[in-house]
1. Over the stretch 62-145, what is the relative contact order in whole percent, taking alpha-carbon pairs under 8 Å and six or more residues apart?
2. Which value, to two decimals, describes the C-alpha radius of gyration of the stretch 220-275 once divided by 2.2 N^0.38 Å?
3. Give me the Å³ per residue figure for the convex hull around the C-alpha atoms of the stretch 44-84.
4. Determine, from the Cβ-Cβ distance of ARG45 and GLU195 and an R0 of 30 Å, the FRET efficiency 1/(1 + (r/R0)^6), rounded to the nearest 0.05.
5. May I ask you to order 142-152, 159-169, 88-98 by the average number of other C-beta atoms within 10 Å around their residues, highest value first?
6. Find, among the GluC sites (Glu not before Pro) in the stretch 191-252, those assigned to loop by DSSP (not H, G, I, E, B) with at most 14 other beta-carbon atoms within 10 angstrom.
7. Determine the gain in length on full extension of the stretch ASN297-ASP22; use 0.36 nm per residue of separation and subtract their C-alpha separation, reporting nm with one decimal.
8. Using the Kyte-Doolittle scale, find the helices of the chain whose mean hydropathy is at least 0.0 and whose Cα atoms extend 24 Å or more along the helix's long axis, counting only whole DSSP H runs.
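The values are calculated or read from the model by the stated rules, or taken from the named source; none is laboratory data. Keep in mind that what you see is a predicted model, and the values were worked out from it rather than measured. Cβ sites come from the backbone with ideal geometry, for glycine too, and all protein chains shown count toward neighbours. In case anyone asks, the SASA skips ligands and DNA or RNA and just uses the protein heavy atoms, side chains included. Shrake-Rupley method; radii C 1.70, N 1.55, O 1.52, S 1.80 Å.
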Amino acid sequence: MKNFEHVSVANLTQAIQWLDDDAKPIAGGTDLLAEMKEGIISPRRLVNLKTIPSLSQIEYDRREGLRLGALVSLAQLEEHPLIGEKYPALAQAAALAASPQLRQMGTLGGNLSQSPRCWYYRNALFPCWLKGGQSCFAVDGENAYHAILGGEPCHSVHPSDLAPALIALNAQVRVVGPELDGSLALEELYRRPSEAHRRATILGPRELIAELSLPAPAAGSRSVYLKVMDRAVWTFALVGVAAALQLDEGGRVERARLVLGGVAPIPWRAQAAEEILQGEQLSAELAQAAAEAALANAEPLRDNGYKVKLAQELVRRALLQLGDQET
Ligand SMILES: Cc1cc2nc3c(=O)[nH]c(=O)nc-3n(C[C@H](O)[C@H](O)[C@H](O)COP(=O)(O)OP(=O)(O)OC[C@H]3O[C@@H](n4cnc5c(N)ncnc54)[C@H](O)[C@@H]3O)c2cc1C
Ligand code: SF4
């Protein structure tokens, strides 16, 4: 690892002053330091956000909803009783992410900004397209864990469990920085990498996530996060599904938000499935139709076709679970 400067700051204004093209913000360090050790990135300066007290708040107001500072840990999200009660998908996503030690260290802001786990990206010997190279090695290479939706030109998958849950729960993110300052829907933070913009978020080098806010759940709101892994615990999603529904007293869907992780370079909102659900009575047939619609545009690579069925099944189960029906 190359030498670097480490600067601790007291507030976001100071943090932004120290950030530039050659600097990186660091929170828990569980992803950033791994990238540095592997020689994938070599920032000249790390700006330590952990010393900013205002980024650690968890506040709930029954009208305004929930506010979470960027430094809230995954363990706090998992264990906070109010989050488990009002926003179950978020608590479940946090509980299913990584290992207990990583959940203590890892923060909300870092989790939402983490880099892809694509093994070509993580290996400094492969100068792949996302790192500024010419081609995506996953197209003809080992692509069992790669994207089945929205994959061109980078076929990596979005790794965060929290992001799909938060987007399903209609979260807003507050971003601070010289170019981007204000609140936006969390799903707008993510953008598929393109020739002009080889990264999966719209954040520039001097932009920071300050806070997430979630609306207070309306009557009849339910949510769930389901995840399939290639081993029982402590690893990334092959597929993750977050579903948030608002049901009327008779079980009719008033609102639906469905977001998939592990299937595309960004958290993938399944809008066609949401439209199928809207206004309908939740039933096994409806859940199956929504599951098929969610994956209708899937374009698997050579080795990851299994993810299509997996994702369909997870969507179906998530919906039936929310409708209190047999899965
Ligand atoms: C073995 C292993 C298994 C894992 N399994 C899972 C899993 O199953 N599910 C899952 O979701 N995650 C998983 N992770 C990822 C882990 O959850 C993340 O590494 C962690 O949440 C990142 O948080 P951090 O605070 O440590 O971020 P850091 O490592 O400090 O930062 C990560 C990135 O975010 C940037 N950053 C940090 N804070 C901010 C901010 N406020 N604003 C803007 N940019 C910021 C940093 O510059 C860096 O680029 C796993 C990691 C490992 C090592
Ligand atoms: S999928 Fe993306 S990160 Fe992986 S090799 Fe291709 S361009 Fe690089």
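1. Numbers: 69 pairs, mean separation 19.5, N = 84.
This gives 23 percent for the stretch 62-145.
2. 1.30
3. 79
4. The computed FRET efficiency comes out at 0.60.
5. Numbers: 142-152: 21.2, 159-169: 28.0, 88-98: 24.4.
In decreasing order of mean packing, 142-152, 159-169, 88-98 become 159-169, 88-98, 142-152.
6. Within the stretch 191-252, the qualifying GluC sites (Glu not before Pro) (loop, at most 14 other Cβ atoms within 10 Å) are GLU195, GLU249.
7. 95.1 nm
8. Counting only whole DSSP H runs, the qualifying helices are 306-322.
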